[in-house]
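The numbers here are math on the coordinates, done by the rules we state, and not lab data. If you're wondering where the values come from, they're calculated on a predicted model, not measured in any experiment. Note: ideal-geometry Cβ built from the backbone for every residue, glycine included; neighbour counts use all protein chains shown.
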Amino acid sequence: MNLFRFAGDILHLLSILVLLLKIHATKSCAGISLKTQELYLAVFITRYLDLFWNFHSLYNSVFKVVYIGTTSMIVWYMRRHRNVKLTYDRDHDTFRYLFLVAPCAVLSLLINARYNLFEILWTFSIYLEAVAILPQLVLLQRTKNVDNLTGNYVFLLGLYRAFYILNWVYRFATEPGYSAWLVWISGLIQTGLYLDFFYYYVQAWKQSKKLQLPS
Amino acid sequence: AQSNLLKDEL
């Protein structure tokens, strides 16, 4: 465990909490993609299947339970809460699950470290996490005016990924024999997806203006 | 061993 990895995990948790609190406090999920949230839930469930038999550390186990729990709550709010579900922007959140899930499923069958069910599901979760933000980015693009909390949510998520890259660089430099190509490449692609958003987020912040994405 | 090494991250 190094500071970059720890910062990454905390930022990830923070991003989820920002979103959950926003929904809870405003009773609105306007601008939030349910597709992205459900994809993240699928990511967490397929990756953390080993929760019960593959104990690594209390730290990891607590985070796994918290990520699954908080993301489930967000999905529950958006689907079931009597007021929140009315604010869901389903007309703009039209990204097809299949476009993301199918290629990731095929890729995880073709490229994996070991050919067994749990290894393949784990690999699938790595690939799916890389692209799960796409429905959210498309929704932001469509609605143009991004409210502050939604913008901060996406920014914190991107920052979490950036810190994971620093963590890999640090581990590569300090741990002999450490290499993780599958995770690195997926992670680089995932972080790359945020670059465009980052650019506009920083611009808006510098000019202390409301975040607006171009068409 | 490699895949165990990967799985110490979240």
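A few notes on this one:
- Chain A: angle of helix A:134-143 to the longest principal axis, Cα-based, in degrees nearest 10: 10 degrees
- Charged neighbours of A:I133, selected by a Cβ distance under 12 Å, balance to 0 (K, R count +1; D, E count -1).
- Shown in residue order for segment A:99-109 are the 3J(HN,Hα) couplings computed by the Karplus curve 6.51 cos²θ - 1.76 cosθ + 1.60 at θ = phi - 60°: 4, 9, 5, 4, x, 5, 5, 5, 4, 5, 6 Hz (x for Gly and Pro).
- Rg and Dmax of the protein assembly as shown, Cα atoms only, in Å: 17.5, 53
- Cα gyration tensor shape for segment A:161-205, rounded if a/c is under 1.5, else prolate or oblate: oblate
- In chain A, the DSSP-assigned H stretches of four residues or longer account for a calculated mean residue ellipticity at 222 nm of -23500 deg cm²/dmol, using -39500 (n - 2.57) per stretch and the full residue count as denominator.
- Unsatisfied cross-links (Cα-Cα over 27 Å) in the set A:K22/A:K144; A:K35/A:K144; A:K85/B:K7; A:K85/A:K206; A:K22/B:K7: A:K85/B:K7; A:K85/A:K206; A:K22/B:K7
- For segment A:78-180: Kirkwood Rh in Å [reciprocal of mean 1/r, alpha carbons]: 16.6 Å
- Relative to its residue count, segment A:1-54 spans a Cα convex hull of 103 Å³ per residue.
- Longest DSSP-loop-exposure-free segment, chymotrypsin sites (Phe, Trp or Tyr not before Pro), chain A, at most 14 other Cβ within 10 Å: A:116-177
- log10 of Debye I(q)/I(0), alpha-carbon scatterers only, for segment A:42-115 at 0.14, 0.20 Å⁻¹: -0.70, -1.03
- Mean projection area, nm², convex hull over Cα of segment A:103-143: 2.9 nm²
- Seen against the Cα atoms of chain A and their longest principal axis, helix A:117-131 is set at about 40 degrees.
- The modelled label-to-label distance between A:R114 and A:I165, using points 7 Å beyond Cα along the C-beta direction, is 3.1 nm.
- Residue-count net charge about A:L11 - beta-carbon cut-off 13 Å; Lys, Arg +1, Asp, Glu -1: +1
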